[in-house]
Amino acid sequence: MQMPNINENDWKVPYIIFASRSWSAIGLTVIRVDNPAVFSKHRPTCMADFSSSVSGGRMEGVQLRSESEDITSADVTTDARRNLQSDDDEEDDFQTYMSVVWQGGKVGIAYYDIDTTCFYMMMDTVETMDFHIISKVFEQVKPMCIVTTAKQDEGLLAKLKSLGGKGPEIDDFVQLLPTLDFSLEVSKRRILSMNLPSIPNHFTESERTLHMSSLVPFDNICMVRAVGGLLKFLDKKRVGIELESTETRVPILAMRTFSLECLMIVDDASYSALQIFQQRNHPSGYKSGASSGKEGLSLFRIMNRCKSIIGSKMLRQWFMQPLKDMAKLEQRQDAVAFFANPRNIEVTSTLEDCLKHVKHIPRILARMTSSQATIAQWQALYKTAYNATYIGDVCRQQKVRLEVFRKIGEKFTEDLHRIADLIHRIVDVEESTIQNKFVVKQNVDPDLDEKKRTYNGLPDFMTKVAQSELNQLGEEITECNVIYLPQLGYLLAIPLCDSIREEDNYNIPNLEFVFMSSNMVHYKSESTKELDLLLGDVQCEIADQETVIMHRLQNTILEHSQVLLDVMDCAAELDCLITLANCAREYNYTRPQLTQDNIIHVTAGRHPLQELCCSPFVPNETYSDEHVGRMKVLTGPNASGKSIYLKQVALIVFMAQIGSFIPAESAVVGLMDRLFTRIRTLETVSAGLSTFMMDLSQVSSAVNNATERSLVILDEFGKGTESSDGIALLCATLKQWLSSGTRCPHVFVSTHFHALVTKSMLPKSTHLKFQTMEVIEDGNTLVFLYQLIDGSTSHSYASHIAEASGLPSAIIKRGKQVCECLGENKLVNRVGTSKSESAFIKYKAIVDSFLKVDLDKDDLVEYLESLKQHIDKN
């Protein structure tokens, strides 16, 4: 006989126990019925060892047949076990809500992440009218809604609405709340009244204030107001708890701060032009949204070797937040050097194996706050705690001093080991997976173990009871059932027969009539009364007791949730560092020397993507400082490698400022504050700007915001308009930077406007240097060496590139003729028939003769008359 799997929520479900003389052997089956009406309609007639679902209720362990009709396939379906989906298979659908307060030239920002259920705050930061700080935070957070006060500056409101794009949903993107909701005192009270898992319930008001003061810097007025307003909005909209009771508050696990003060700012155009990120959209139109795209060939893709989802997410944050903090960058470099060392390959491999099992903890803790954690999430939490404990042990054994090892040693406390040990000792994972509910192991609670033993022995015991009751009944009764109903207890169910029907009130000696339903008469006997006193509702008591143990375990874990959040952060950082080390070892990257000096010195630098696509790759040097010049103007043939070189310089600086090793033999890199590019035009009809206007917008941002510690990359700026206008704008832009003297940024420019050199359109300056790509020309053959040298060129060799591209030779020949005429300021002869050419020569002779007439001496009337006769004659 097979016992049914009984879930913890089935305490109100009837259980039926029956026996019959018609079987070859006396047996017993326990039946679970979700709907008593189903049992009243379908009478059990034979025993079968399978589970079935009946519309309106599910019965396990018995085959049912209706007296009035057969059960068809539409009534009975297979009771398949629900497949649990692990956290790693779930789609990332992160939702964030952001609050912005701008006052007195400072901005305070806070946002709430539904996925992590954490509050993130940015301390008050100086903000200008261009709102580049808000734009940068928006790019990183990507909120689905921005909340601000109704009396906010109109310029800021316009900026926030522009960040949300266009469309009818823009009104929902920016939410305006009354100014009172953002007042300082009200916001402080809201923050102090927050219920964080790290705050014990026994704390007094003064203790809570002291604890919250350690989490929230209340001296940042704008930030405090932003947090208070966002808390009001979340409670008003009931974000994430729309279906919960009104007493349930928005869950918040922790309060954290983030900062942009030590970041190098890189805009979206630069990320796209340099292929740091490159989204590859789905070919289907209805799937081509931003959330459905995958990463194409990009720097992030070739460097993302993270073993965990949290590691990949943090690595993307590192790419979105290049640093200016030399101390933190050197700490990352030290760790990358350690893990890239072949002598430490065993330690690195061990840590990688453990990092595979570190899961996304905040999502699990958020589910635990509402007691909705699945068995798969309990498993994931145990694997995370167990492997994190092992990671902590491995890191503590290393003698080298690394910041990441120090943090792991401090934050991977005994609480982590305790959590892993409690889950291991209490949760029966294997049985929980089978029953799809929380199951406690043996030897945890003696009372619970005793109840389980009683429940497991219930079928044999009830078989004897059912057989005993059947033997005491008359011969006309051939079948009886013993059932359990939560409100009535154990009952004896007898099929309605003629002898019972003839009796008044269905009386049977020694039995107490209870009720009759669907030809089944239910009685209380002495045996069933004893069962009520002896057993009661054992299964429900087991479920209740296991639920109590689960809640105690959950509360213990939530009280120590901070250590789990620290584990996730440290494990993600460790994963990123090992990833950078693996890339450095595989791609032969070297460690750059970081300096506070405003210089860029790179020896034998390479493009990290281009070198993977072509072989061999020709490396080049880069020198930019106060002595050798900060402005480099590159001229040279098309397809000679100028654009690749410009991108190479920008990518090397970028990689150095995320803490990565770089593709070069050696380098000394000063920390840059911003990176500006004009490489590729981001054309879009929604912007309402022309292609050249988009180019001007990018250059304008560089001119207005670049400092002496900025890196500016301009690739053929000015080619989108008439050549004279283009060269004028380029020349004026470069002069503007040269005129700033020592405040000139690091500027790398490529151009085909050779007049900048030939006509000396740029002023002489120690910061200006002309360079070109070396080319060897042998007759009609052009060989590109892709080597950067000092000097300039006056030819673009476009005809050679056109010939290599397959253009017809006639077109190339005509192009050379036109180019030569224009270069020598000669008249360009039209291409046509010989008759046209002769007519052209004839009229040219007439014009030449007319130009020779001396109007002061010759008779003009006589000359014109002779000219008319000459024309008529010819």
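Each value in this text was obtained by applying a stated rule to the coordinates, not by laboratory testing. In this text, all values refer to a predicted model and were calculated from it rather than measured experimentally. Here Cβ is always computed from backbone atoms with ideal geometry, including for glycine, and neighbour counts include all displayed protein chains.
Take ARG189 and HIS627, extend 7 Å from each Cα along the Cα→Cβ direction, and tell me the distance between the two endpoints in nm.
6.5 nm
Using only alpha carbon pairs under 8 Å that are at least six residues apart, calculate the relative contact order of the range 94-258 and give it in whole percent.
Working: 267 pairs, mean separation 54.2, N = 165.
Rounded, it is 33 percent for the range 94-258.
Are there GluC sites (Glu not before Pro) in the range 100-204 that DSSP puts in a loop and that have at most 13 other Cβ atoms within 10 Å, and which ones? Display every interim value, and only then the final one.
Working: sites: GLU127, GLU139, GLU154, GLU169, GLU185; in loops: GLU127, GLU169.
Taking the range 100-204 and a limit of 13 other Cβ atoms within 10 Å, the loop GluC sites (Glu not before Pro) found are GLU169.
How compact and how long is the range 606-681, expressed as Rg and Dmax of its alpha-carbon atoms in Å?
Every Cα atom of the range 606-681 included, Rg and Dmax give 13.0, 35 Å.
Applying 1/(1 + (r/R0)^6) with R0 = 30 Å to the Cβ-Cβ distance of GLN140 and SER666, what FRET efficiency is obtained, to the nearest 0.05?
Values: r = 32 Å, r/R0 = 1.08.
The value I calculate is 0.40.
Could you order the peptides 626-635, 297-306 from most to least packed, using the average number of other C-beta atoms within 10 Å per residue?
Details: 626-635: 20.5, 297-306: 18.6.
Output ranking for 626-635, 297-306: 626-635, 297-306.
Which FRET efficiency value, to the nearest 0.05, do you get for LEU558 and THR179 by plugging their Cβ-Cβ distance into 1/(1 + (r/R0)^6) with R0 = 30 Å?
Working: r = 36 Å, r/R0 = 1.19.
Given R0 = 30 Å and the Cβ-Cβ separation, E is 0.25.
Using 0.36 nm per residue of separation minus the Cα-Cα distance, give me the extension gain between GLU410 and THR478 in nm, one decimal.
Numbers: separation 68, 0.36 × 68 = 24.48 nm, distance 7.30 nm.
In short, 17.2 nm is gained.
Restricting the count to DSSP beta bridges whose residues both fall in the range 94-258, what percent are antiparallel, rounded to a multiple of 5?
Bridges in the range 94-258 are about 55 percent antiparallel.
In which sequence would LEU851, LEU492 go, from the one with the fewest C-beta neighbours within 10 Å to the one with the most? Show your work: numbers first, answer last.
Values: LEU851 7, LEU492 25.
The fewest-first ordering by Cβ neighbours comes to LEU851, LEU492.
Rank these for me by crowding, HIS870, HIS357, HIS607, going from fewest to most other beta carbons within 10 Å. Present the calculation step by step, with values, prior to reporting the outcome.
Values: HIS870 11, HIS357 19, HIS607 24.
Taking fewest neighbouring Cβ atoms as first place, the list is HIS870, HIS357, HIS607.
Under a crude label model (7 Å from the Cα following the beta-carbon direction), how far is ILE801 from MET761 in nanometres?
The answer from the label model is 1.8 nm.
Simple spin-label model, 7 Å along Cα-to-Cβ: CYS819 to VAL703 in nm?
My value for the distance between the label points is 3.1 nm.
Expected output is a single nm value to one decimal: the length gained when fully extending between LEU488 and ASN829, i.e. 0.36 nm times separation in residues minus the C-alpha distance. What is it?
Values: separation 341, 0.36 × 341 = 122.76 nm, distance 11.12 nm.
Additional length available on full extension: 111.6 nm.
In this model, which of LYS464/LYS529; LYS142/LYS313; LYS735/LYS759; LYS441/LYS464; LYS307/LYS359 are farther than 18 Å apart at the alpha-carbon?
In this structure, LYS441/LYS464 lie more than 18 Å apart at Cα.
Specify which residue in the list MET223, LEU234, LEU210 is farthest towards the positive end of the charge dipole of the range 202-264, using unit charges on the beta carbon of Lys, Arg (+1) and Asp, Glu (-1), about the Cα centre.
The listed residue farthest towards the positive side: LEU234.
Expected output is a single nm value to one decimal: the length gained when fully extending between THR248 and VAL429, i.e. 0.36 nm times separation in residues minus the C-alpha distance. What is it? Don't skip to the end; give the middle numbers.
Details: separation 181, 0.36 × 181 = 65.16 nm, distance 2.99 nm.
Gain in length upon complete extension: 62.2 nm.
Fewest Cβ neighbours within 10 Å first, please rank PHE654, PHE319 accordingly. Before the final figure, lay out each step's value.
On the way: PHE654 24, PHE319 21.
Starting with the residue having the fewest Cβ neighbours, the order is PHE319, PHE654.
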